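Enquirer: Just passing along the structure, written as structure tokens.
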Amino acid sequence: MGSLKPADANQNKGGFLATRADALVNWGRKNSLWPMPLGLSCCGIEMMSMLGPRFDLARFGAEAARFTPRQCDLMIVAGTLTWKMAEAARTIYDQMPEPKWVIAMGVCSSSGGMYDSYSVVQGVDMILPVDVYVPGCPPRPDAVIDAILKLQTRIERETPVRDLLATPVTEGWEEGTGRFKRQPNKSNPTRRDGEVAEAEVEAAQ
Amino acid sequence: MTVMERLATALAGIAHEVETPADGTPCLRVAHDGVRPLMQALKTGGGFETNTFVTAVDREPAEPRFEVVWEFLSVKHNDRVRVRMLSNDEYPKVPTIIDLWPGAAFFERECYDMFGVRFEGHANLRRLLMPQAYEHHPLRKEFPHQGIEPDKLYREWDRKRRTQGGQPS
């Protein structure tokens, strides 16, 4: 059957119960992504088509688009994000409960696209931690479905229960409330997080 | 009765110059003081009931630098007229026309936002497209197309969000 090599450090830390619980949690998360449709321009039309019956995102369990961030865990930034809109986009992202993921749909949200301009955010990764970038102007619905499938494989590899068990009780629980502290988002850092950290270091010096 | 004849009768006694550019639309040049009487005459005597647009031109390095342009349409007679006013001020001052054509209010706000033209008498001369705290007028010649610190306002907001108990992220 399996190899008799010693298990590595991570596996020792996890253990059978934790890894199986991880698999169950991840299975539930990846098959019930609820998108927050941030349709900012023409990509929004393709996204509607993707959610509709023709491309039928319901096959992958992600068709339940909600227009309140409180019920969503997948933000699809579909279209051109301007600096004026960036504050609203970031606020919506902050209001989404953890865990949460972001798809940058189309070139405008991935890199600014053709809008090399004073008013357009040159890639939403300047303000949001993006997990998957989808090229295209706009991308076909198939391409975004592919992005969601890629995100699902990414979610499969996450280790929520093992992270929970690895957190010391004294650090993990809020004093006197019986609540577990919010897990840090495991997504990529934004480009801006780096800049802000640098600025804080500079200010400290 | 052609446009030129109608204009000649309507604008009798008001200081202006008439030009006919290549596109054939009659074009009236007017000074700052002549704008109000000319506009009133166009509305009442000329029969131009529609304001098509209000905009400005940054003619740098030509002097005078700015040119404010209005265009009007007479649906009844199916003809147009353009009015132009030159100004060499850093922030040109121009009388508003929103009492005559209320639809011009948005055009004037946009023109203020993009060029910094101040419309005197406009009750609500706020920026239309850019954030209210924005410091520049993007369609001016000296403005670079990638902007001057385009993320400045977002940075300020973001710092406030991080330091004053915003949602952690």
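Enquirer: Going through the range A:100-152 one residue at a time, which ones are under 18 Å from A:C72 (Cα atoms) and in contact with a Pro (Cβ under 7 Å, 6 or more places away or on another chain)?
Expert: Residues satisfying the conditions are A:V102, A:M105, A:P129.
Enquirer: Still on this model: Select from the range A:35-64 the residues that are under 15 Å from the mean Cα position of the chain (by Cα) and either part of a loop (DSSP other than H, G, I, E, B) or free of Cβ contacts under 8 Å to residues at least 12 places away in the same chain (or both) and list them in ascending order.
Expert: Once the filter is applied, which keeps residues that are under 15 Å from the mean Cα position of the chain (by Cα) and either part of a loop (DSSP other than H, G, I, E, B) or free of Cβ contacts under 8 Å to residues at least 12 places away in the same chain (or both), the range A:35-64 yields only A:A62.
Enquirer: Out of the residues in the range A:66-81 meeting the condition of being surrounded by fewer than 23 Cβ atoms within 10 Å (Cβ to Cβ) and either within 11 Å of another protein chain (Cβ to nearest Cβ) or charged (D, E, K, R) (or both), tell me which one is nearest to A:P129 (Cα to Cα).
Expert: Only one residue tops the list, namely A:D73.
Enquirer: Continuing with this model, one more query. Return only the number of the condition from (1) more than 10 Å from every other protein chain (Cβ to nearest Cβ); (2) modelled with pLDDT under 90 that B:P168 does not satisfy.
Expert: Answer for B:P168: the failing condition is (1).
Enquirer: Tell me which residues, restricted to the range B:55-91, are surrounded by fewer than 18 Cβ atoms within 10 Å (Cβ to Cβ) and among the aliphatic types (A, V, I, L, M).
Expert: Across the range B:55-91, the qualifying residues are B:V57, B:A62, B:V69, B:L73, B:V75.
Enquirer: Shifting gears a bit: Of B:T20, B:T55, B:T44, which residue is within 25 Å of B:L139 (Cα to Cα), in contact with a helix residue (DSSP H, G or I) (Cβ under 9 Å, 6 or more places away or on another chain) and among the hydroxyl-bearing types (S, T, Y)?
Expert: B:T55
Enquirer: Failed condition for A:E87, given (1) loosely packed, with under 15 Cβ neighbours inside 10 Å; (2) within 14 Å of chain B (Cβ to nearest Cβ), with all others met?
Expert: Result: A:E87 passes all but (1).
Enquirer: Right, here's the next one. Restricting attention to the range A:21-40, which residues are surrounded by fewer than 15 Cβ atoms within 10 Å (Cβ to Cβ) and among the small types (G, A, S)?
Expert: A:A23, A:G28, A:S32
Enquirer: Right, something else. Answer with yes or no whether A:V132 is in contact with a helix residue (DSSP H, G or I) (Cβ under 6 Å, 6 or more places away or on another chain), at pLDDT below 90 and of a type in the set (A, V, I, L, M). I'd like the intermediate steps shown before the answer.
Expert: Working: in contact with a helix residue (DSSP H, G or I) (Cβ under 6 Å, 6 or more places away or on another chain): yes; at pLDDT below 90: no; of a type in the set (A, V, I, L, M): yes.
Taking the combined requirement at face value, the residue does not satisfy it.
Enquirer: Condition (residue is in contact with a Leu (Cβ under 7 Å, 6 or more places away or on another chain) and among the aromatic types (F, W, Y)) applied to the range B:94-114: is it met by at least one residue?
Expert: yes
Enquirer: For the range B:32-69: of the residues being among the small types (G, A, S) and on the phi < 0 side of the Ramachandran plot, which is farthest from the chain's Cα centre (by Cα)?
Expert: B:G45
Enquirer: Next question. Kindly provide the set of residues from the range B:28-54 that are within 16 Å of B:F115 (Cα to Cα) and surrounded by fewer than 18 Cβ atoms within 10 Å (Cβ to Cβ), ordered by number.
Expert: Passing the criteria: only B:F53.
Enquirer: Does B:G24 fit the bill of being touching a residue at least 40 places away in the same chain (Cβ under 8 Å) and at positive phi?
Expert: So B:G24 fails the test.
Enquirer: Another question, if that's okay. Restricting to the range B:28-48, name every residue that is charged (D, E, K, R) and in contact (Cβ under 8 Å) with a residue 40 or more places away in the chain. Give the derivation first.
Expert: First pass over the range B:28-48, keeping only residues charged (D, E, K, R): B:29, B:33, B:36, B:43.
Matches in the range B:28-48: B:R29, B:R36, B:K43.
Enquirer: Filter the range A:93-141 for residues that are surrounded by fewer than 22 Cβ atoms within 10 Å (Cβ to Cβ), in a helix (DSSP H, G or I), within 13 Å of chain B (Cβ to nearest Cβ) and aliphatic (A, V, I, L, M) and give the result.
Expert: A:M126, the sole residue that qualifies.
The values are calculated or read from the model by the stated rules, or taken from the named source; none is laboratory data. What you are looking at is a predicted structure, and each value in this text was computed from that prediction instead of being measured. Glycine also receives a Cβ, built like all others from the backbone with ideal geometry; neighbour counts cover every protein chain displayed.
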